[in-house]
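Report on the structure given below.
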């Protein structure tokens, strides 16, 4: 049965691998979905840790500038 390539492209745009599942390449589609989920989680975790490091650095800079200014009084 013929599949619409535009629909396949849109489905893959929404969720990588969904277009492959739509056209009948189920195993490849599942692999794409799993890899996309793993990469999304990795990006989220790296970004999350980057924010924690940034906040710690920011708070330390506030503390350090306060104590340095206090020492100069």
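What follows draws every value from the coordinates through simple rules; no lab data is involved. Predicted model only: the values in this text are computed from it and were never measured. Cβ: placed from backbone, ideal geometry, glycine included. Neighbour counts: every protein chain shown.
Taken together, the residues in the range 1-24 that are assigned to a loop (DSSP other than H, G, I, E, B) and touching a helix residue (DSSP H, G or I) at 6+ places or on another chain (Cβ under 8 Å) amount to 4. Among the candidates 43, 30, the residue that is surrounded by 10 or more Cβ atoms within 10 Å (Cβ to Cβ) and within 21 Å of residue 8 (Cβ to Cβ) is uniquely 30. Taking the range 25-57 as the range and being more than 18 Å from the chain's Cα centre (by Cα), in a helix (DSSP H, G or I) and within 22 Å of residue 3 (Cβ to Cβ) as the test, the residues that pass are 26, 27, 28, 29, 30.
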